[in-house]
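The values are calculated or read from the model by the stated rules, or taken from the named source; none is laboratory data. If you're wondering where the values come from, they're calculated on a predicted model, not measured in any experiment. A quick note on method: Cβ atoms are made from the backbone with ideal geometry, for glycine too, and the neighbour counts reach across all protein chains shown. For the accessible areas, the whole protein counts, side chains as well, though only heavy atoms, and no ligand, DNA or RNA atoms are used. Shrake-Rupley method; radii C 1.70, N 1.55, O 1.52, S 1.80 Å.
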Amino acid sequence: MGPVRNGSRAEPGTSVSDTARYGAAGSERDERKEQTMKIAMIGLGKMGANMTQRLIEHGHQVVAYDLSEPARRAAAAMGATPAATLQEAAAALEPPRVAWVMVPAGEPTNTTITTLADRFERGDVIIDGGNSNYKETAPLATELAAKGVSLVDAGTSGGIWGLKEGYCLMVGGTEEAVAVAEPAFVALAPEGGYAHVGPPGAGHFVKMVHNGIEYGLMQAYAEGFEIMSEAPEFDLDLHEIAAIWRYGSVVRSWLLELAERALRPGSSFDQVEGVVVDSGEGRWTVDEAIDRGVSAPAITAALYARFSSQKKDAFGLRLVSALRNQFGGHAFTTSSGTVAGETATPQ
């Protein structure tokens, strides 16, 4: 059994994460649910806008900032207080200030965090809710701590469904900083879907691995359904199969529910191209597995499958085809689609 925070095990009928999150007392749990706060949402894209709405629906006051004026207007229509600059957003908050940064990972996130930190004061908290590399989080947290500002990393999963279903939150940071922002975490997460998983960087580390697992799960479903799609003798209804697998099957999951939606008649699945991008977390997970000496063939293969999908006429596969022809005279397909028997090899 893994470590249990606060020195206690979960009571019967509760999860370990619930005990770590709320303690054993139900009254304390209810009390934290009722707490409201004022928080800034920095970045109003698909995730940031929906999170703003969910926070407002749970009684929180939200200061909404985005470079896009239409995005700010949309947030204001939800009941948020729009801010045209980061300075304006900081000024609209009250100590201890809390801002949730939800902008693209990398330089945009890091620059936004350091800019906000210059406008915050000792005791204030900045939350990085994006898919940042955990290796950047701890050094940035140390840099901010020198100014008295805390950085909390919140691995956030839920996508476009988070507004309705809630967001799974994997939070890293000091106990004190997490406690300041906890009312927002409780509002955004579904019941049992939030935990303080460790020190600064832990939240992003767990989210990275979460996304690596996601790669492997999706690839397994994709391969299985493709095998069935290549069995015309059975005239299989793949949508029907996805639908029944949702009930009682050992492979049932939310991803399978989404597969059923994607395969429904009229869903335009036939218009989807077989090109799958990778946003970084899969690569980081594989790198981490190598660094730690962990065998992770499923996640690695899923990542490589995405690489293959991104190259329609990959040089390496062309070379394999040419080599087969060179050593065995095997036929190959030309760029025009015809099948040839020999390569034009100079003497």
Discussion item. If packing is taken as the average count of other Cβ atoms within 10 Å, what order do 314-322, 209-217 fall into, highest mean first?
Written reply: 209-217, 314-322
Practice prompt. Can you tell me the FRET efficiency between residue 238 and residue 179 if r is taken as the Cβ-Cβ distance and R0 is 41 Å, rounded to the nearest 0.05?
Written response: 0.30
Discussion item. Need one number: nm distance between label points at residue 276 and residue 324, each 7 Å from Cα along Cα→Cβ, rounded to one decimal.
Written reply: 2.3
Item to complete: With runs of 4+ DSSP H residues as the only contributors, calculate the mean residue ellipticity of the chain at 222 nm using -39,500 (n - 2.57) per run, divided by the residue total and rounded to the nearest 500.
Response: -15000 deg cm²/dmol
Worksheet item: Using the beta-carbon distance between residue 230 and residue 107 and R0 = 56 Å, what value does 1/(1 + (r/R0)^6) give for FRET efficiency, to the nearest 0.05?
Response: 0.80
Practice prompt. Work through the residues other than residue 149 whose Cβ is under 15 Å from its Cβ and net out their charges, Lys, Arg +1 and Asp, Glu -1.
Written response: -3
Worksheet item: Which of the trypsin sites (Lys or Arg not before Pro) across region 86-157 are loop residues per DSSP, with 16 or fewer other Cβ within 10 Å?
Response: 122, 147
Worksheet, complete the sentence: Surrounding charge for residue 133, neighbours by C-beta under 12 angstrom, Lys/Arg +1, Asp/Glu -1, total -4
Worksheet item: What whole-number value in Å² describes the accessible area per residue of the chain for a 1.4 Å probe?
Response: 55
Worksheet entry | Column: log10 I(q)/I(0), Debye, Cα scatterers of region 243-346, q = 0.14, 0.16, 0.20 Å⁻¹ | -0.89, -0.98, -1.07
Worksheet entry | Rg and Dmax of the chain, Cα atoms only, in Å | 24.5, 85
Worksheet item: Reachable lysines from residue 164, Cα under 19 Å, same-chain residues fewer than 8 places away excluded?
Response: 33, 46
Practice prompt. Could you tell me what percent of the accessible area of the chain is made up of carbon and sulfur, with a 1.4 Å probe and every protein chain present?
Written response: 56
Worksheet entry | For region 90-243: rounded, prolate or oblate by the Cα gyration tensor [a/c cutoff 1.5] | prolate
Worksheet item: When all C-alpha to C-alpha distances in region 73-154 are sorted into bins of 5 Å, what percent of pairs does each bin hold, rounded to whole numbers?
Response: 3, 15, 27, 25, 18, 9, 4, 1
Fill in: Neighbour-limited loop hits for GluC sites (Glu not before Pro), region 219-259 (at most 11 other Cβ within 10 Å; DSSP other than H, G, I, E, B)
230
Item to complete: Subtracting the Cα-Cα distance from 0.36 nm times the residue separation, let me have the gained length for residue 312 to residue 84 in nm, one decimal.
Response: 77.8 nm
Worksheet item: Roughly how many whole Å is it from the C-alpha centroid of region 36-110 to that of region 230-247?
Response: 44
Discussion item. Need one value: the accessible area of residue 58 in square angstrom, 1.4 angstrom probe, rounded to the nearest 10.
Written reply: 90
